[in-house]
Amino acid sequence: MGKRKKEAPLKLAPEARRIFKDLSFFYIPNDDINPVRRLQIRKAREHGVMWCRKLDEATHIIVDKKLTYTDIERQLQDDPKWSEKVLVNENYPIDCIKHRVIVNPNQSQYKISGTPTPAEKPADETELSHLDNDDASLELKPSRRKSARRPRSPVLSTQSRSQSSSQRSIALISSSKRQQNKGVTGNAQPAYAQDEVPLSEQPADTSVDDELTQCISEMKATGNSDLFSDSLMDDDDPAGPLLTDEIEVLSDSSSSDDKRPWKRRTRSSMGNSKGKNPAWQEKFICMKGGTKDHTDNNPNAETIKVLQEMLDQHTLTGDDFRIRAYRLAIATLRTQSKKICTAEEARALPNIGRIADKIEEIVTTNRLRQLEYALDDPQRKIIGLFLQIYGVGQIQAHKWVAQGFRTLDDLKNKADLNTNQKIGLEYFDDLNTRIPRQEVEALADCVKETAAIIDHNVELIIGGSYRRGADNSGDIDLIVTKKGTSSTSQLTPFLNQLVDTLTREGFLTIALAAHHGDADDTDGGSKWHGCCVLPESAFPGPRSEYRPIWRRIDILLVPQTELGAALIYFTGNDIFNRSIRLLAQKKGMRLNQRGLFGNVLRGQGNIKVNEGTLLEGRDEKKIFEILGVRWREPHERWCG
Ligand code: DCP
Ligand code: MG
């Protein structure tokens, strides 16, 4: 266990409090990629549990709260004897630790939703599951499934406070007695004895709750509130809400003596773009900018390369907090003119934090063990693979793993897929191939040609990484605008006609549903997501190299009055956006893809109380100017 990465050593609870001694837990999903589950597993291990990799070795099956019985049914069949084990949701071990006893798992709050009661289960379920399992195939007539899936003597209810103290009291029967209850698999079937330690005499250990609460709230702050949450785009939080630590690093304030200077400034003095920028403002990442080739000739290039690979691993698993931490640490390393060799040197720099030790490890050993473990972890590989399917987020990837799917073929043949996922799978290779710059231009030209026929006053601008000068792009972000427009609805008829025509021509191949909340789409129908294919006649290279590759394209309607703000947003990169948005916030303003707003009042938790008044929307340069950010050409907006 714990092979994947080196972590701080477990702090084993004192012997008497190792309530899970002799028990073994199998988690569904059985990985610790998600920080909340990682903490849960860690706490359980500190209380004596054995975390097992194989279902058939487990006494308890601990299921993520977001999963239903249907989600896990396939995986349960990996072990013909699963029904003899304790099947509970993730709250169960937490409550046991909290109450320092093995609580009754039969309580409704630990139930996996949709679990059939014994009466509902088909009588031959066990036989069927045996047929699925090679190891069990010799057993011609398996013994009938035990009627009780869970321990028979419920004693402690963590729910009802009105029970008598004898009912509420509980103790696990002695370990030796439990050994006698072991089934043929050698798994201890926990049993419970009434009496010994009344709950009232058991001081609850709330520390586990506190730690989990903190962990969950940190994840919420990064837009990754739980294992299955895909972060939504917010109106003025285009890349999700900001975490306190992140605010420090995005603004690079860790290197400043004056931690929160904006607190002491008046709004008018902060909004003044004419005078010299105050030192605190200079430290914002958006003020520094960056170019795409910044790693060339950098003395830390090798270290950056390895950190980048680690970042890619975290990107695959959607670990937003670490993604940002690595990006910001990399950004700092890129600006160094000398090689950073020791953790101490690294720690003295802004935005590095705990990554300092990793930098030293890379420099001194030429490797990063954590990366090697990550690359080796089969579970992580599968989740990473599933996340590469267009339209698949953390929720779906983990559910599929929990359902027992391991390969793309498993998904194609056995999973329930929506349209986006079907397309994502069918065109997996195409959609995971970056688009060469020349092809982006050729594709955009096709759209421009048709657009000009429909309305020659419409202007099309390629945004995203292309506008920042990237050699290749993940997709085409095409901004559509027109002089004299002040609302996206004025452009909607054009978009409909454009999409119809391009679809008829065979250029657009499929429309895809947006997979986020579209909170920014208040006008409705302001964007189109889908795929396109370059016709052979428009292929910029030699004909022999042409292949009809499906490419992702986003067409975004932007009224002229909002063009400047939209250009900032759709040019990115995302770290630049987050930083400039944060800077606006610190100056009492608000920046989103529609404009820069002033006089924004924010209440507790930095929640805005009013929308503010529009200061500028149409002119990109003016927005920079009002914010006091020196103009950065799009190719200078590569941050992190
Ligand atoms: N964007 C953002 N925050 C996000 C996602 C996007 O600020 N969480 C902005 C900045 C991006 C732009 O939208 O540059 C386009 O998003 P893409 O995902 O298409 O990113 P890029 O075009 O930058 O990269 P790629 O080449 O991978 O498409
Ligand atoms: Mg893009």
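Structure notes:
- DSSP beta bridges in region 435-558 [antiparallel fraction, %, rounded to 5]: 75 percent
- Amide H contacts of GLU616 (H built 1.01 Å from N, under 5 Å, at least 5 apart or other chain): LEU596
- Backbone HN-Hα couplings from phi across region 52-61 [Karplus 6.51/-1.76/1.60, Hz, Gly and Pro as x]: 9, 8, 10, 4, 6, 8, 8, 8, 10, 10
- Zone of LYS339's modelled label, taken as backbone nitrogen in region 298-319 under 20 Å from a point 7 Å along Cα→Cβ: 298-309
- Cα centroid of region 305-333 to Cα centroid of region 357-417, whole Å: 15 Å
- Note on LEU582: accessible area is roughly 0 Å² with a 1.4 Å probe, heavy atoms of protein only.
- Karplus (6.51, -1.76, 1.60) ³J(HN,Hα), θ = phi - 60°, over region 82-96, in Hz, Gly and Pro reported as x: 4, 5, 8, 9, 7, 10, 9, 8, 5, 5, 4, x, 5, 5, 4
- Per residue, the accessible area of region 389-431 comes to 43 Å², computed with a 1.4 Å probe over protein heavy atoms only.
- Shape category assigned to region 352-479 from the gyration tensor of Cα positions, a/c cut at 1.5: oblate
- Residues with amide H under 5 Å from that of THR485, placed H, sequence gap 5 or more: GLN560, THR561
- Rg/Rh for region 435-558, where both radii come from Cα atoms and Rh is the Kirkwood radius: 0.96
- Subset of LYS283/LYS339; LYS85/LYS422; LYS21/LYS85; LYS21/LYS54; LYS482/LYS621; LYS66/LYS412 violating a 25 Å alpha-carbon distance limit: LYS85/LYS422
- Sequentially through region 608-617, phi angles give Karplus couplings (6.51, -1.76, 1.60; θ = phi - 60°) of 6, 8, 10, 7, x, 10, 5, 9, 6, x Hz, Gly and Pro residues having no value and appearing as x.
- Taking every Cα-Cα distance in region 301-376 and sorting them into 10 Å bins from zero, the calculated P(r) comes out as 21, 58, 20, 1 percent.
- Within the accessible area of region 40-98, the carbon and sulfur atoms contribute 41%, probe 1.4 Å, all protein chains present.
- Accessible area in square angstrom per residue, region 301-376, 1.4 angstrom probe: 47 Å²
- Kirkwood hydrodynamic radius (C-alpha pairs) into Stokes-Einstein, region 389-431, 4 °C and 1.567 mPa s, D in µm²/s: 125 µm²/s
The values are calculated or read from the model by the stated rules, or taken from the named source; none is laboratory data. Only a predicted model underlies this, so the values are computations on that prediction, with no experimental measurement involved. Counting neighbours? That spans all protein chains shown, and the Cβs are built from the backbone with ideal geometry, glycine included. Surface areas here come from the heavy atoms of the whole protein model, side chains and all, with no ligands, DNA or RNA. Shrake-Rupley method; radii C 1.70, N 1.55, O 1.52, S 1.80 Å.
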